[in-house]
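This report concerns only the one structure given below.
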Amino acid sequence: MEKSNPVKGVIDKIADKLSDNSAEVPGRPGSEPPSVDEPTEPRGPLRPKPDQRGPDPYSPTGQEEDVTPEERAQGGDRLTTAQGLRLADTDHSLKAGPRGPVLLQDHHLREKVMHFDHERIPERVVHARGAAAHGVFRSYGTAASVTRAAFLAKDVETPVFVRFSTVLGSRGSADTVRDTRGFATKFYTDEGVFDLVGNNIPVFFIQDAIKFPDVIHAAKPHPDREIPQAQSAHDTFWDFVSLHTEATHHTLWNMSDRGIPRSYRTMEGFGVHTFRLVDAEGATTLVKFHWKPKAGVHSLVWEEAQLIGGADPDFHRRDLADAIEAGAHPQWELGIQVFPDTPEQTFEGIDLLDPTKIVPEELAPVQPIGLLTLNANPVNYFAETEQVAFHVGHLVPGIDVTDDPLLAGRLFSYLDTQITRLGGPNFGQIPINRTHAPVNDMLRDGFHQDAVHAGVAPYKPNSLDGGCPFFAGAHEGGYVETPVRVAAARKVREAPASFADHFSQPRLFWLSLSPVEREHVIAAYTFELGKVYEQAIKERNLRVLAEIDPYLCEQVAQGLGLPVPKPVNSLPAVDPSPALSQVGRTWPTTGRIIGIVADGHGDLATVEAVRQAVLDGGMVPLVIAPAGGVLGADGDGPVTVQRTFVTARSVEFDALLLAGTPARGKDADGARDAKAGNGTAGAPTDPRVLLMLGEAFRHAKPIGGWADAVQALTAAGIDPAAPGVVVGDGGEAVLAEVVRLLGGHRVWERFPVPVEPV
């Protein structure tokens with residue numbers, strides 16, 4: 001039997017087509033013939049040729065999708081970046097004048113060349129440990145007068161994804177370490193992705209990105225032993241910050257309560273840098289971005305942070321996820337400080353390009369421009385929280401960068417880290433990173449290319465693809481960098497003279513803190529420097545503290561057993577900024593967690609009424625009992641137990657309520673539960689309840705009780721008349737007073753602070 005010849009079959013089909021005069025010879029590169037002149041009329045991408053078909057439309061997890069090849073290919077008729085930002089030009093690098101040097105801030109050049117360099121085809125170095133959530137940002141429209149960014153127009157709602165993180169630790173480190181926190185927000189706008197990549201501290205350790213490897217190498221675990229993990233209490237960190245005194249301001253913030261936030265929900269966020277906004281007429285304004293939590297700004301105390309690190313190292317990520325699941329959706333207002341865009345780029349003598357400086361809110365109030373609400377948890381941690389990729393160069397029309405040298409380096413660094421971590425230049429195609437704007441970027445191939453691009457002319461100019469994509473002018477949403485005039489200058493490796501002031505703003509921050517907050521700063525420096533081995537490094541850091549405040553330096557020196565150095569320079573005169581303190585205001589109690597200690601022998605009707613009142617107040621009640629299950633299971637109103645004396649620890653709760661004095665648990669045996677080992681055998685009060693009460697008391701948390709709760713308080717060594725301790729006959733009346741106290745977060749007056757010498 002004669003075998004068929006596949007090659008002959010193909011030739012026969014071609015011959016058959018050629019017999020039809022309307023048929024064409026195969027091999028045409030595009031689906032339409034090109035014009036002689038370069039096309040100038042904008043049009044969308046050409047359809048594939050009739051003989052072409054992409055892969056069947058299945059998702060990465062094998063789910064069939066109703067998607068056409070056109071929907072999977074590039075879209076729109078204008079040239080864009082990989083984030084969907086329309087471009088007005090791709091032939092010229094951004095330069096300081098037509099004959100000037102190419103500028104480091106050219107994010108389009110960087111993206112285009114980066115992608116080309118990686119067309120042929122691990123854990124974050126910093127911010128490795130994170131937690132994230134989906135949400136929505138609703139603009140108030142109040143920023144429309146200073147920016148043409150469409151997502152900041154009135155009542156526009158924009159999907160967002162927000163990732164919080166620590167800086168120094170590995171993915172497996174604890175949440176409550178003393179560290180800076182990342183606060184990164186991805187806005188999926190109609191004009192492309194805008195990433196606001198900030199921290200919970202408004203300043204940074206360094207003024208120039210070239211120092212970033214140095215500060216991180218100093219703060220990370222020692223390279224010989226890989227310890228300590230996620231901590232700054234070691235020699236290399238304090239060696240660096242004492243020699244590189246521009247780090248002093250950030251270090252002082254880190255040693256304050258800001259370094260150990262109560263939760264992500266009660267943490268401020270800052271854009272750190274000064275950005276430039278551009279309005280519809282092209283007028284420019286300089287701004288700093290602020291996130292203000294609606295629940296207030298609250299922190300842990302240091303012992304509490306240490307206990308949580310052992311009891312629940314996932315404390316912050318659990319708190320965020322639980323709050324969203326419970327419907328207590330975290331919210332922040334986005335605000336801006338607004339400054340004139342002058343050639344000097346200063347405000348009230350403060351250099352706006354220095355990332356180690358703040359502008360006090362008393363000089364430039366934060367103006368609210370929108371509300372962020374986090375309302376959904378990720379489905380898959382790796383696919384979303386771990387693979388999300390932020391970049392300060394992801395901009396939209398109306399928002400531009402400035403010449404902050406730290407920001408300039410970040411424009412390079414973020415892309416490089418994504419290439420290493422996410423396996424190539426196509427990280428923007430990972431679902432969590434995908435823009436919601438049409439992309440027609442002319443970028444091709446490379447690792448993990450998920451799009452199936454059509455056409456044969458991924459270059460400009462072209463005629464084979466009908467000239468597509470076309471440029472977009474500014475009036476069509478094209479991104480045009482602000483034509484800032486660059487002063488004539490020499491090429492130098494120097495910093496402005498204004499960058500040399502390293503101590504006036506740390507002194508401003510110190511003097512702005514309340515007395516109790518200053519005590520915490522003293523304790524933090526004493527603890528951290530007490531972990532340093534080399535005496536010379538301790539002494540050098542005391543010299544730095546002497547330039548901030550004599551009382552601060554003296555108290556830390558006493559704790560270290562070292563002499564008190566004198567300042568070299570006169571202390572700068574500054575006006576305190578009350579806005580920098582976390583103490584003294586009243587905040588909403590929504591989402592706060594209240595522990596209710598009870599057993600099956602008390603008045604369960606009151607327990608249930610209090611529990612319901614907590615829920616009605618938007619807070620979370622957790623009933624703590626000797627054993628799990630249900631209290632009063634045989635009665636009419638059983639109460640479900642959420643925690644037991646074994647599993648509960650005071651650090652989980654913002655306030656504690658005692659429904660009388662609960663009975664001693666049957667497992668209150670030191671051999672079974674070490675927390676019960678500090679009690680007297682046969683004592684009526686469970687030692688684990690006494691432990692919870694004692695911790696909550698010294699952590700300045702509100703405590704309430706009714707019925708015979710005084711017995712338990714007295715056994716714990718707590719004066720029922722002490723500040724923040726509420727004792728009464730009715731549970732709901734006690735709860736009301738505890739909630740009032742909780743509005744101030746802590747009962748700081750419980751522990752009077754020594755008076756500083758004037």
Review point. Within the bounds of region 121-135, is there any residue that is on the phi < 0 side of the Ramachandran plot, over 24 Å from the mean Cα position of the chain (by Cα) and part of a loop (DSSP other than H, G, I, E, B)?
Key: yes
Point to revise | Residue list for region 177-209, filter: under 26 Å from T526 (Cα atoms) and open to solvent by less than 10 Å² (accessible area, probe 1.4 Å) | key: D179, T180, R181, G182, N200, I201, V203, I206
Check your understanding: Among (1) out of contact with any helix residue (DSSP H, G or I) (no Cβ under 6 Å at 6 or more places or on another chain); (2) part of a loop (DSSP other than H, G, I, E, B); (3) open to solvent by 10 Å² or more (accessible area, probe 1.4 Å); (4) not small (G, A, S), where does K701 come up short?
Key -> (3)
Review point. Inside region 637-675, can you point out the residues that are assigned to a strand (DSSP E or B) and within 37 Å of the chain's Cα centre (by Cα)?
Key: T640, R643, T644, A655, L656, L657, L658
Practice item. Name every residue in region 465-491 that is surrounded by fewer than 10 Cβ atoms within 10 Å (Cβ to Cβ), assigned to a loop (DSSP other than H, G, I, E, B) and within 34 Å of the chain's Cα centre (by Cα), in order of residue number. Key: P483, R485
Check your understanding: Residues in region 678-687: is at least one surrounded by 19 or more Cβ atoms within 10 Å (Cβ to Cβ) and within 19 Å of I594 (Cα to Cα)?
Key -> no
**Study point:** Breaking point among (1) among the small types (G, A, S); (2) open to solvent by 50 Å² or more (accessible area, probe 1.4 Å); (3) modelled with pLDDT of 95 or more, for S577
**Key:** (2)
Point to revise | Per-region count, region 360-392, residues open to solvent by less than 10 Å² (accessible area, probe 1.4 Å), assigned to a loop (DSSP other than H, G, I, E, B) and more than 19 Å from A132 (Cβ to Cβ) | key: 1
Review point. Of the residues V162, V215, V241, which single one is touching a Lys or Arg at 6+ places or on another chain (Cβ under 8 Å) and aliphatic (A, V, I, L, M)?
Key: V162
Point to revise | Number of positions in region 329-359 that are over 18 Å from P202 (Cβ atoms) and assigned to a loop (DSSP other than H, G, I, E, B) | key: 6
**Study point:** Every residue from region 179-207 that is farther than 23 Å from G398 by Cα and in a strand (DSSP E or B)
**Key:** R181, G182
Exercise for review: Quick one: in region 521-542, of everything that is touching a helix residue (DSSP H, G or I) at 6+ places or on another chain (Cβ under 6 Å) and outside any helix (DSSP H, G or I), which residue is surrounded by the most Cβ atoms within 10 Å (Cβ to Cβ)?
Suggested key: V532
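The values are calculated or read from the model by the stated rules, or taken from the named source; none is laboratory data. Bear in mind that the values here come from a model prediction, so they are computed numbers and not experimental data. Cβ: placed from backbone, ideal geometry, glycine included. Neighbour counts: every protein chain shown. The area values use the complete protein model at the heavy-atom level, side chains included, leaving out ligands, DNA and RNA. Shrake-Rupley method; radii C 1.70, N 1.55, O 1.52, S 1.80 Å.
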